Amino acid sequence: MEQVTIVTGGSRGIGAATCLRLARDGHRVVVGYRSAAGAAHGIVEAVAALGGHAIAVRADTALEDDVVALFEAAAGLGPVTGLVNNAGIASTLGRLADVRADELRRVMEVNVIGAFLCARQAARVMTRGGAIVNVSSSAATLGSPGNYIHYAASKAAVDALTLGLAKELAAEGIRVNGVAPGFIDTEIHEQTGDPDRAANVVSRIPVGRLGTPDEIAEAIAWLLSPAASYATGATLRVAGGL
Ligand code: NAP
């Protein structure tokens with residue numbers, strides 16, 4: 001069966017690497033993005049250069065109408081068989097006592113509501129079975145004290161989504177898994193307000209370096225593939241020992 005996979009947040013970082021990795025596995029790829037149209041279309045061209053097929057679709061995953069339209073656009077490539085629920089945002093570093101309510105709300109809207117809306121839509125359209133991978137974070141089980149507890153909590157919600165939906169959809173032939181990256185070298189860290197974020201965290205990582213987007217894409221590709229046919233409800237930690 002032709003694999004048609006939506007990658008939310010496919011324009012940059014982990015999502016972009018995942019689009020390219022999946023194209024190599026023969027997936028037709030839907031590159032979801034919110035604002036970086038140029039980057040998203042660059043990924044479409046890179047997929048084409050690999051001999052694959054992709055389209056770019058603008059959709060803010062926190063908005064229900066955008067998510068419905070994203071899945072409708074994806075159906076133009078064939079029945080949707082995969083979702084990489086990757087779009088996400090970080091937050092300014094700080095203690096909970098200092099967090100702004102609007103920032104708290106936005107993190108929950110994108111990381112939780114957005115992930116749930118996309119998973120819901122996948123559950124509705126994957127009538128022939130399929131696979132979902134939710135991108136969590138090692139923060140979900142570390143708590144991120146002094147940094148962004150709300151971000152960690154949003155990813156713990158994603159882990160609960162993985163567990164519950166895996167059980168709910170198992171009988172329908174839909175597998176639901178997660179990947180929990182540690183610190184990965186992407187632009188997301190610019191949102192923390194700490195220009196030295198990477199240098200400041202590296203001493204805490206047991207393997208002594210940040211991960212690469214390709215190292216996360218590899219885990220996502222495996223969980224989506226038939227090689228992971230008995231894996232569902234799992235969240236695979238790819239965090240350099242964190
Ligand atoms: P990134 O480089 O900042 O890329 C984020 C991607 O998400 C972009 O494609 C962006 O689209 C998209 N996006 C953001 N908000 C969106 C929204 N409301 N609707 C649709 N798309 C949206 O981030 P990343 O590091 O690759 O992170 C990807 C995922 O991995 C996130 O869920 C993040 O929490 C998780 N993660 C990352 C790390 C890490 O260290 N990097 C660690 C653990 C977990 P535009 O390009 O259009 O803005």
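Summary of computed values
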{"item": "Residues (more than 10 Å from the ligand (Cβ to nearest atom) and touching a residue at least 12 places away in the same chain (Cβ under 8 Å)) located in segment 58-76", "result": "64, 68, 69, 71, 73, 74, 75, 76"}
{"item": "Residue 104 more than 13 Å from the ligand (Cβ to nearest atom), over 25 Å from residue 29 (Cα atoms) and crowded, with 18+ Cβ neighbours inside 10 Å", "result": "yes"}
{"item": "Subset of segment 178-227 that is outside any helix (DSSP H, G or I) and basic (Lys, Arg) - its residue that is surrounded by the most Cβ atoms within 10 Å (Cβ to Cβ)", "result": "204"}
{"item": "Residue, nearest to residue 72 (Cα to Cα), within segment 116-157, restricted to residues that are charged (D, E, K, R) and in a helix (DSSP H, G or I)", "result": "124"}
{"item": "Single condition residue 97 does not satisfy, out of (1) assigned to a helix (DSSP H, G or I); (2) within 10 Å of the ligand (Cβ to nearest atom)", "result": "(2)"}
{"item": "Matching residues, segment 2-18, being on the phi > 0 side of the Ramachandran plot and out of contact with any Pro (no Cβ under 6 Å at 6 or more places or on another chain)", "result": "9"}
{"item": "Subset of segment 39-68 (residues that are closer than 14 Å to residue 119 by Cα, among the hydrophobic types (A, V, I, L, M, F, W, C) and more than 17 Å from the chain's Cα centre (by Cα))", "result": "68"}
{"item": "Of all residues making up segment 178-215, the number that are near the ligand (Cβ under 8 Å from one of its atoms) and more than 18 Å from residue 86 (Cα to Cα)", "result": "1"}
{"item": "Failed condition for residue 11, given (1) in a helix (DSSP H, G or I); (2) touching a strand residue (DSSP E or B) at 6+ places or on another chain (Cβ under 6 Å); (3) surrounded by 24 or more Cβ atoms within 10 Å (Cβ to Cβ)", "result": "(1)"}
{"item": "Residue in segment 125-144 that is surrounded by the most Cβ atoms within 10 Å (Cβ to Cβ), counting only those that are more than 9 Å from the ligand (Cβ to nearest atom) and without any contact (Cβ under 8 Å) to a residue 24 or more places away in the chain", "result": "144"}
{"item": "Some residue of segment 27-42 being near the ligand (Cβ under 8 Å from one of its atoms) and of a type in the set (D, E, K, R)", "result": "yes"}
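For (1) closer than 20 Å to residue 215 by Cα; (2) polar (S, T, N, Q); (3) assigned to a strand (DSSP E or B); (4) touching a helix residue (DSSP H, G or I) at 6+ places or on another chain (Cβ under 7 Å), each residue gets a yes or a no:
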{"position": "1", "(1), (2), (3), (4)": "no, no, no, no"}
{"position": "16", "(1), (2), (3), (4)": "yes, no, no, yes"}
{"position": "22", "(1), (2), (3), (4)": "yes, no, no, yes"}
{"position": "47", "(1), (2), (3), (4)": "yes, no, no, yes"}
{"position": "55", "(1), (2), (3), (4)": "no, no, yes, yes"}
{"position": "78", "(1), (2), (3), (4)": "no, no, no, no"}
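Bear in mind these aren't lab numbers, they're just calculated from the coordinates by the rules spelled out. Since the structure is predicted, the reported quantities are computational estimates derived from the model, not experimental observations. Every residue, glycine as well, gets a Cβ built from its backbone with ideal geometry; the counts of neighbours run over all protein chains shown.
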